[in-house]
Amino acid sequence: YTLKIKRGCQLPAETYDGSRVQVLANIELVEEIPAALDNGAEGVGLYRTEYAYLNRTDLPGEDELAEKYIDLAAILSPRKVVFRTLDLGADKFISAFGELNETNPAMGLRAIRFCLRNPELFKSQLRAILRASAYGNVSLMFPMISGVKEVRQAKAWLAQAKAELRREGVDFNPEMPVGIMIELPSAVMIADFLAREVDFFSIGTNDLIQYSIGVDRTNHHVSYLYQPLHPATLRTIKLVVDAAHQAGIEVSLCGEVASDPFCVPILLGMGIDSLSLTPQAIPGIKRIIRQTNMHDCRKLLRKVLECRTVSRINGLVMDNIFKSF
Ligand code: PEP
Ligand code: MG
C-alpha cells in the first residue's frame, strides 16, 4: 500500500481532461531535497536563501554560498530550482547588520530594498547564484518588488556580476531566467509593465494578502481577516495571471494558498502555470489536481468571481470539493 502511495506521488499533476500544471517545492535548506522529491516535487519553485544568513554573527562569503548553491543545482538537475534572493528584514534579521529599529518593519527596509542598500552583500549572492547556474537548471527571482525601477536596479547589479565573472573566466548560464515575486499591491497594479521586464512571475500570497487586506500575517488578533478566498484576493491573483499571460510569460504561485485544497481548483481555473508548496502538502495537492478537470475549474472560477462575500465563496468551494470525491 505504501508503495502504491509512493508511486501516486510521482504521477504528473495533470487534470482529468489533460491540463498539466507544474508542482514544485518550497524549501529553506538543501537537506529538504530528498523529502521534496519523495513527495513528487518536479523541482524547487522557491528556495528561501535567507536561512544560510541567520543564526550566525558573520556573513557567509561568496564561496561558501556558491558551494551550497552548486550542490543544490547539481543534485536537482535537470529539474529546475528557483533561487529567491535574500528576503531579510521584517521578521528575519542578521546579527552582522544589527537591528534596524523600525516602527513598522513589514513596510521597512526589507528584501530587495535591503539588498539594493547593501550592494556588496547582494552582489556576492548574485555571483554565487550565477556560478551555480553552470551546474543545473537555475532561475533567480527578486522578492518584494514594488515598481519597475527596482527591477531595473536589481537587474543592473546582476549584469555587473555577470560582467565580473566573464572577466574572471568563471562559467555561468548567460540565459538564466530572471523573475520577480508579486507580493505588493503596487506590483499587481502595474503587472503589465513589470511583465515586460522579466521572464516570469511568482505570486507570494503570504505577503500579498497581508499587504492588500492590511492584515499582519503574524498577528493572531486579526487572523480572522487573513482570507485567501476574499473576493479582493481572488481578483488580485487573477489580474496578475492575466497580465503575465498577455505578455507571454509564465506565472507561478508560491504562497500557502498553493497548498490549500479549497483554493487550488480556482487557481487552476485562472490558468496558473505552476504551484510551489511545502513538500509535505505536495501528494495531496497533486491528487486534487488529478481528480479535477479544467472545465469544472473554469466554471467554478466564473461563479466565484461573482460572489461578494467570503462566506458565499466558501460555500461554492466546499460544494466543489465534495463533488470531486
Ligand atoms: C509569500 O510571501 O507568499 C512567500 C512565498 O514568501 P515568504 O512566505 O517567504 O514571505
Ligand atoms: Mg513573501
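Summary of computed values
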item: Near pairs, Cβ below 8 angstrom, 6+ apart or cross-chain, from segment 87-104 (in contact (Cβ under 8 Å) with a residue 40 or more places away in the chain and of a type in the set (Asp, Glu)) to any residue that is in a loop (DSSP other than H, G, I, E, B) and within 16 Å of ligand 2 (Cβ to nearest atom); result: Asp87/Arg110; Asp87/Pro143; Asp87/Met144; Asp91/Thr218
item: Cross-chain or 6+ apart pairs with Cβ under 9 Å, segment 22-33 first and more than 17 Å from Leu88 (Cα to Cα), then charged (D, E, K, R) and buried (at least 24 other Cβ atoms within 10 Å of the Cβ); result: Val23/Lys286
item: Candidates Ile321, Ile237 - the one that is within 16 Å of ligand 1 (Cβ to nearest atom) and out of contact with any His (no Cβ under 7 Å at 6 or more places or on another chain); result: Ile237
item: Qualifying residue in segment 253-260 (condition: hydroxyl-bearing (Ser, Thr, Tyr), in contact with a Pro (Cβ under 8 Å, 6 or more places away or on another chain) and part of a helix (DSSP H, G or I)); result: no
item: Segment 171-182 residues that are within 16 Å of ligand 2 (Cβ to nearest atom), paired with ones that are small (Gly, Ala, Ser) and assigned to a strand (DSSP E or B) (beta carbon under 6 Å, 6 or more apart); result: Gly179/Ser202; Met181/Ser202
item: Failed item in (1) under 22 Å from Tyr135 (Cβ atoms); (2) surrounded by fewer than 20 Cβ atoms within 10 Å (Cβ to Cβ), with Gly214 passing the rest; result: (1)
item: Residue list for segment 79-98, restricted to those being of a type in the set (Val, Ile, Thr), touching a helix residue (DSSP H, G or I) at 6+ places or on another chain (Cβ under 9 Å) and within 16 Å of ligand 2 (Cβ to nearest atom); result: Thr85
item: Given (1) without any contact (Cβ under 8 Å) to a residue 12 or more places away in the chain; (2) over 20 Å from Leu86 (Cα atoms); (3) away from ligand 2 (no atom under 16 Å from the Cβ), index of the condition Val215 fails; result: (3)
item: Strands (runs of 3 or more DSSP E) enclosed by segment 134-241 - at least 3 residues per element that are more than 19 Å from Asn26 (Cβ to Cβ); result: none
item: Those residues of segment 47-86 which are in contact (Cβ under 8 Å) with a residue 60 or more places away in the chain, of a type outside the set (Lys, Arg) and either closer than 19 Å to Cys254 by Cβ or within 13 Å of ligand 1 (Cβ to nearest atom) (or both), in sequence order; result: Thr49, Tyr69, Leu72, Ala73, Leu76, Val82, Thr85
item: Number of positions in segment 195-227 that are touching a helix residue (DSSP H, G or I) at 6+ places or on another chain (Cβ under 9 Å), within 18 Å of Ser274 (Cβ to Cβ) and within 16 Å of ligand 1 (Cβ to nearest atom); result: 6
item: Glu150 more than 25 Å from Ile75 (Cα to Cα), within 16 Å of ligand 2 (Cβ to nearest atom), without any contact (Cβ under 8 Å) to a residue 40 or more places away in the chain and not basic (Lys, Arg); result: yes
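No lab work stands behind these numbers, since they all come straight from the coordinates. Everything numeric in this text was worked out from a predicted model, so none of it was measured. In this analysis, Cβ positions are derived from the backbone assuming ideal geometry, glycine residues included, and neighbour counts consider all displayed protein chains.
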